[in-house]
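K.L.:
One structure follows; several queries about it will come next.
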Amino acid sequence: MIKINGVTKVYDTHHILKGISLEVTKGEIIAILGKSGCGKSTLLKIVGGFETSSTGEVIVNDVAVTEPTKKCIMLMQSYGLLPWRSVEKNISLPLEQHTALTVEQQQQRIAHYMQLVQLTPYATHYPHQLSGGMQQRVAIARALALQPEAILLDEPFAALDTFTRYFLQDELIKIQQQESTTIMLVTHDIDEAIYLADKIIILAEGEIAKEITIALPKPRDRSNADFQHYREVIFTEFELTQQQMIDYQI
Amino acid sequence: MKLRYMIGSFTLLVVLWQLVVVVGNYEAALLPSPKQVAQALWSLFISGLLLEHISISLYRFGIGYILAVIAGITLGILLGRMPTVWRFVNPSVQLLRPVSPIAWSPFIVLFAGIGNLPAIIIIFIAAFFPILLATVTAVSKISPVYLQIAQNFELTPFAVVKKIIIPASFPAIMGGLQIALGSAWIFLVAGEMVGAQSGLGFLIIDARNALRLDLVFAAIIIIGLFGLLFNTIIQQISYRVTKQWGVQ
C-alpha cells in the first residue's frame, strides 16, 4: 500500500535520511521509533507529501507522492483544529467539497465518526472548550471522515497526560480495527509503539536500525511478559543501561 | 462599555460644560449652554434638517467605508499571500498612508467636483489603509498548520480563502476595521466641510457661517454619538466572535 523506496533527505550537507526503504501493507499500524533528530518526522512528512525527498520515492497505491493529498491524512501534534469551527464543522471540513456525497450522506458520515470518537454530545462545542484528548479525537474523526488510504500520526499523544494517552491508544486501536485504516505513527515512546504497532521500525541516524514485528494480540497487556520482552529488545537496540530500563519501568 | 458608566460620564461632561459657561459668563453666541444646544438640536430635528443631514452623511460614509472594506480586505488577502510582491508594494503604502485624506482634497474636488463623490473618496482613503495593513499582517501570520490542513484536504483556492484565510485572520482584521471606522467617520466630517453642500460636516460649516454656534455644537454631538454607536457595534461583533472562537 505504502512503498518507500530508497528515500534520502539532505539539508545542506547533513544527511537526515539515508536510503530508507519500507513497505506498509493495508490495515497495518507501523510505528517509527527513534530518538529526537533521527529523521522520523521528516520521513513522515515525505510520506505525506509535505516535504520532498532528495532521492528515492514514496508510492501510495501505485501513485508516487509529490504533494499532500487526501489519500494520506497527516495528524499534527498540535491537532490542527480550526478554532472558528465547532466539532461538527471541523469534521465536516474535508467533506464539504470533495465527495459526491449528498448533504444527508455527509451528515450521516459526520454523525458516524462523532459517535466513533464519542463526541456526539460535543457537536456544537468549539475546540477551546474541549480538553487536549477530546481535541485529538476530533482531529482523528476529521481525518477518518474522508476515509483515507492511510493516516499519518506525528507523535499524536505526546502532549497528553498518561491516563488520556492510554485511553486514546485504546480508542485508536478500536477505530483502526473497525475502519481497517493503515496507520503510520511516529513516536519516541517505546511502550506506545509496542502497544499500538504491528511493526516497529527503529530509526537511528537516518537509517533503519531494526524492524521488529510485534506478534501480540490486541488489545495488549503492558504488564505481560511478552510485552516486556519486546521492551527489552528495544532497550537493547537503543543501548540503554539496566538502570535506565528500571527507571523507565517505574 | 457599560450603560451606567456611559450615563455617568456624559452627565459629568454636561455638568463641566455648564460650569464653564456659568463661571466664564460666556455669551450664547460664543459658548452656548447645554440647554441652548438641546433646543437647537430639537429645532433641527423638528424641521427635518437633522435627519436629512444625518442620512446623507450615513449614505456617503456607508458607500466609502464598504468600498474600502472590500478593496482593503481583497488586496490585503492577495498581498498577504504574496510576500515578495508585498515587499515591493509596502514602501509605497507606507509613503501614502500618513498623508491626510484632506491633503488630497484639491485633486479630489478637481476630478470629482462637489457633491457626494469627494466625501466618499475621502472616506475611502481614510478607511482603506488601516484595513489593508491589518489584513496583510493578519494573513501573513496565519498558522502554517491551517494551510497544511487545507493542502492535505485538497481544498480549492477559493475554499482556502473562504474557509481558512478569512476566518483565521478575521479577529485581527476586525482591529483594522475598528481603526478604519473611527478614521473614516472623522474624515467624513472633514470631507463634507470641503466638498459638499449637505451632511453633518456641511451643517457645521453652514452654522458657523451663520454664527449659530448652538447648531455647531448640536452637529458635533450627533457626530460624536454616531461615532460612539459605530465603535460599540464593531466592538461587540469583535468581542462575540473572539469569545466564541476562544481567540485572545
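The values are calculated or read from the model by the stated rules, or taken from the named source; none is laboratory data. Please read all numbers here as calculations on a predicted model, not as lab measurements. Please note: Cβ atoms are built from the backbone with ideal geometry, for glycine as well, and neighbour counts cover all protein chains shown. Only protein heavy atoms, including side chains, enter the accessible area calculation; ligands, DNA and RNA are left aside. Shrake-Rupley method; radii C 1.70, N 1.55, O 1.52, S 1.80 Å.
K.L.:
Relative to the longest principal axis of the C-alpha atoms of chain B, give the angle of the C-alpha long axis of helix B:49-81, reported between 0 and 90° and rounded to the nearest 10°.
P.N.:
That works out to roughly 20 degrees.
K.L.:
Can you tell me how much longer the chain between B:LEU67 and B:THR11 gets when fully stretched, taken as 0.36 nm per residue apart minus their C-alpha distance, in nm with one decimal?
P.N.:
16.5 nm
K.L.:
Further question: Hey, what's region A:1-157 come to in accessible area per residue, 1.4 Å probe, Å²?
P.N.:
Result: 41 Å² of accessible area for each residue.
K.L.:
Next question. So what does B:THR137 come to for accessible area, using a 1.4 Å probe and Å² rounded to 10?
P.N.:
B:THR137 has an accessible surface of roughly 70 Å² with all protein chains in place.
K.L.:
Would you mind telling me the antiparallel percentage of the DSSP bridges in chain A, rounded to 5?
P.N.:
55
K.L.:
Accessible surface of A:ASP12 in the full protein assembly, 1.4 angstrom probe, to the nearest 10 Å²?
P.N.:
Its accessible surface works out to 150 Å², give or take rounding.
K.L.:
For A:TYR166 paired with A:LEU216, estimate the spin-label separation in nm (one decimal), with each label point 7 Å from Cα along the Cα-to-Cβ line.
P.N.:
My value for the distance between the label points is 1.4 nm.
K.L.:
May I ask you to rank A:LYS9, A:LYS70, B:LYS141 by accessible area, largest first, using a 1.4 Å probe over the protein chains only?
P.N.:
From most accessible down to least: B:LYS141, A:LYS70, A:LYS9.
K.L.:
Next question. Expressed as a whole percentage, what fraction of the accessible surface of the protein assembly as shown belongs to carbon and sulfur atoms when a 1.4 Å probe is rolled over the protein heavy atoms?
P.N.:
61
K.L.:
Please compute how much accessible surface disappears when A pairs with B, both sides summed, using a 1.4 Å probe, and round it to the nearest 100 Å².
P.N.:
Answer for the A-B pair: about 2000 Å² buried.
K.L.:
Within a Cβ distance under 14 Å of A:ASP170, other residues only, what is the Lys/Arg minus Asp/Glu net charge?
P.N.:
+2
K.L.:
So what does B:ARG81 come to for accessible area, using a 1.4 Å probe and Å² rounded to 10?
P.N.:
120
K.L.:
Continuing with the same structure: Rounded to whole Å, give me the distance from the Cα center of region A:55-71 to that of region B:90-118.
P.N.:
The two parts, judged by their Cα centres, are 54 Å apart.
K.L.:
Next question. When the solvent-accessible surface of protein heavy atoms is calculated with a 1.4 angstrom probe, in what order do B:TYR5, A:TYR79 fall, highest first?
P.N.:
The residues order as B:TYR5, A:TYR79, largest area first.
K.L.:
Set the Förster radius R0 to 45 Å, insert the Cβ-Cβ distance between A:SER223 and B:TYR239 as r into 1/(1 + (r/R0)^6), and round the FRET efficiency to 0.05.
P.N.:
It comes out at approximately 0.30.
K.L.:
So, with +1 on the Cβ of K and R and -1 on the Cβ of D and E, and no other charges, what is the size of the charge dipole of region A:81-148 about its Cα centre, to the nearest 20 debye? Mind showing how you got there, number by number?
P.N.:
Details: 5 positive and 3 negative charges, 28 e Å.
The calculated dipole for region A:81-148 is roughly 140 debye.
K.L.:
In region B:118-152, what residues drop by 30 Å² or more of accessible area when the other protein chains are put back, versus the chain on its own? Use 1.4 Å, and skip ligands and nucleic acids.
P.N.:
Buried-area filter returns B:VAL145, B:TYR146, B:GLN148, B:ILE149, B:GLN151, B:ASN152.
K.L.:
Cα-Cα over 21 Å: which of A:LYS174/A:LYS218; A:LYS26/A:LYS89; A:LYS35/A:LYS71; B:LYS141/B:LYS163; A:LYS45/B:LYS163?
P.N.:
A:LYS26/A:LYS89; A:LYS35/A:LYS71; A:LYS45/B:LYS163
K.L.:
Next question, about the same structure. Taking every DSSP beta bridge that has both residues in the protein assembly as shown, what percent is antiparallel when rounded to the nearest 5?
P.N.:
55
K.L.:
I'd like the distance separating the alpha-carbon centroids of region B:194-223 and region B:137-166, in whole Å.
P.N.:
48
K.L.:
Hey, another quick one. Would you please give the FRET efficiency between A:HIS14 and B:GLU154, computed as 1/(1 + (r/R0)^6) with r the Cβ-Cβ distance and R0 = 41 Å, to the nearest 0.05?
P.N.:
That pair, A:HIS14 with B:GLU154, gives E of 0.80.
K.L.:
Largest first, how would B:GLU27, B:GLU192, B:GLU154, A:GLU23 line up by accessible area (1.4 Å probe)?
P.N.:
B:GLU27, A:GLU23, B:GLU154, B:GLU192
K.L.:
Report the gain in length on full extension from A:GLU23 to A:GLN106: 0.36 nm times residue separation, minus Cα-Cα distance, nm rounded to one decimal.
P.N.:
Taking A:GLU23 through A:GLN106 to full extension adds about 26.6 nm, to one decimal.
K.L.:
Right, something else. Could you work out how far helix A:162-179 tilts from the main Cα principal axis of chain A, as a 0 to 90 degree angle to the nearest 10?
P.N.:
Approximately 70 degrees, to the nearest 10.
K.L.:
To the nearest 10 degrees, how steep is helix A:103-116 against the longest Cα principal axis of chain A, on a 0 to 90 scale?
P.N.:
40
K.L.:
Keeping all protein chains in place, calculate the accessible area per residue for region B:32-245 (probe 1.4 angstrom), answer in Å².
P.N.:
49
K.L.:
If I model a spin label at B:LYS35 and A:ASN61 as a point 7 Å from the Cα along the Cα→Cβ vector, what separation in nanometres do I get?
P.N.:
Spacing of the two 7 Å Cα→Cβ label points: 8.4 nm.
K.L.:
In the Gaussian network model of chain B, springs joining C-alpha atoms below 10 Å, which of B:ALA112, B:ALA159, B:ALA172 carries the largest mean-square fluctuation?
P.N.:
B:ALA159
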